[in-house]
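Participant: Dumping the structure here so I can ask a few things about it.
What follows is calculated from the coordinates using simple rules that are stated; it is not laboratory data. All figures in this text were calculated on a predicted structure; none of them were measured in a lab. Because the Cβ atoms are built from the backbone with ideal geometry, glycine has one as well, and the counts that use them run over all protein chains shown.
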Amino acid sequence: MDRARLRLGRVEAGRAHARLARNTQGRQYAAVARDELVVGFDLDLTLIDQRIGIASAMTTLESEIGAGIDVQWVIDNVGLPLEAVLARWVPPGDVEGAASRYRTLFGEVGASSTRVMPGAVEAVEAVRTFGGKVIVVTAKYEPHAWAGLRAVDMAPDAVFGWRFGPAKGDALLAHGAQIFVGDHPADVLAARAGNSLAVTVATGPASAPELADAGADVVLATLEDFPAWLDAYRRKTPSG
Ligand SMILES: [Mg+2]
């Protein structure tokens with residue numbers, strides 16, 4: 001199966017979300033001038049890659065509980081909330097316990113297996129160059145998000161964990177983020193909810209056309225293209 005069908009399902013869901021976003025919010029986003037540049041970043045497959053650690057912890061979990069977890073599916077869909085992923089195979093009453101066990105296992109291997117995504121360090125530096133603030137908003141358990149960032153010597157101003165899709169919006173609004181950068185169609189919804197410009201990178205499960213279909217304002221191949229894009233954006237909105 002069904003990976004093709006699942007992938008198609010994600011695309012369709014992204015299109016539906018994009019239509020909803022356009023219908024309810026129009027095309028407005030935070031292009032107005034603000035005093036301080038604030039850029040929000042998603043974590044998994046935007047700034048860092050922890051798929052090796054995720055696969056290891058999930059394989060061990062499956063060997064312990066025998067729920068039939070499709071580890072490859074998990075890897076192909078990195079960035080989704082853990083409980084929602086486990087609920088595909090684990091009975092409802094056992095999800096919480098399985099999630100807790102997974103976090104223990106991932107805590108042992110996650111940080112050491114962390115790799116930085118291409119251009120991520122330079123993207124964060126580009127924000128700093130403009131005197132801007134960097135916040136990370138992720139579905140990941142917050143202590144593990146910090147551990148992964150520390151493993152690649154990244155020190156954002158703030159990290160918000162356990163948020164997915166539109167739920168990321170409150171953190172973006174709280175910090176007045178003009179821009180949110182992510183790799184998933186749900187990150188476009190996050191940007192919309194946060195009144196931020198939706199900048200996407202095609203380094204996660206979604207292709208560039210899928211991100212465009214989801215309503216992204218900007219689609220970059222990788223974060224290696226972000227500094228030049230940010231520079232151009234700042235020229236257009238110099239005080240924003
Ligand atoms: Mg992601």
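Participant: Run the simple label-point estimate for residue 96 and residue 128 please: 7 Å along Cα→C-beta, distance reported in nm.
Facilitator: 4.1
Participant: Could I ask something else about it? For residue 236, go through the lysines and keep the ones whose alpha-carbon is under 27 Å away, minus same-chain ones fewer than eight residues off.
Facilitator: Hits, sequence-local ones excluded: 133, 168.
Participant: Using a Förster radius of 35 Å, what is the FRET efficiency between residue 52 and residue 87 based on their Cβ-Cβ separation? Nearest 0.05, please.
Facilitator: So the FRET efficiency works out to roughly 0.90.
Participant: Now, a different point. Would you mind calculating the gained length between residue 225 and residue 153 on full extension (0.36 nm times residue separation, minus the Cα-Cα distance), in nm to one decimal?
Facilitator: On the way: separation 72, 0.36 × 72 = 25.92 nm, distance 2.07 nm.
Result for the pair: 23.8 nm of gain on full extension.
Participant: Also, quick follow-up: Starting from the Cα of residue 236, step 7 Å along the direction of its Cβ; do the same at residue 207; then give the gap between the two resulting points in nm.
Facilitator: 2.6
Participant: Another question, then. Between residue 76 and residue 112, what's the calculated FRET efficiency when r is the beta-carbon distance and R0 is 30 Å? Round to 0.05.
Facilitator: Details: r = 23 Å, r/R0 = 0.76.
The value I calculate is 0.85.
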